[in-house]
Amino acid sequence: EYQLFLLPNEAGLALPTNMANDNEPISETLRRAFIKKLSSNEGLPPETEEVIDLVFASGGNVVYQGYVDDARNTDHAWLETIVRVYFISHELEVFDGQAA
């Protein structure tokens, strides 16, 4: 299974993505992107954030890290990415049909 988000105005589906801040662990960047996509203006309930913290605490398993072919790449600047897999146990599937 994987997590996709429906984009506003039904513009399609997207994987959670975000730019990493300087010296920020990648797992924190992913957690931040995940929460941003899930939360409304009111934010997430504390118990939901606790479950998300448990999921991202493992750091996940890296399945790809490196160069990404992208139209914005140049000879002097290019995109790189890290793809990680996080396994969510059935015990953590507490969301109201929103995630997990």
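Couple of notes before you dig in:
- Only residues that are in a loop (DSSP other than H, G, I, E, B) and either free of Cβ contacts under 8 Å to residues at least 24 places away in the same chain or open to solvent by 60 Å² or more (accessible area, probe 1.4 Å) (or both) were counted in segment 53-88, giving 14.
- Matching residues, segment 18-31, being loosely packed, with under 11 Cβ neighbours inside 10 Å and either assigned to a helix (DSSP H, G or I) or at pLDDT 80 or above (or both): N21, D22, N23
- Some residue of segment 32-52 being over 11 Å from the mean Cα position of the chain (by Cα), modelled with pLDDT of 80 or more and assigned to a loop (DSSP other than H, G, I, E, B): no
The values are calculated or read from the model by the stated rules, or taken from the named source; none is laboratory data. Nothing here was measured: the structure is a model prediction, and the numbers come from that model. Reconstructed Cβ throughout: ideal geometry from the backbone, glycine too, with neighbour counts over all protein chains shown. In case anyone asks, the SASA skips ligands and DNA or RNA and just uses the protein heavy atoms, side chains included. Shrake-Rupley method; radii C 1.70, N 1.55, O 1.52, S 1.80 Å.
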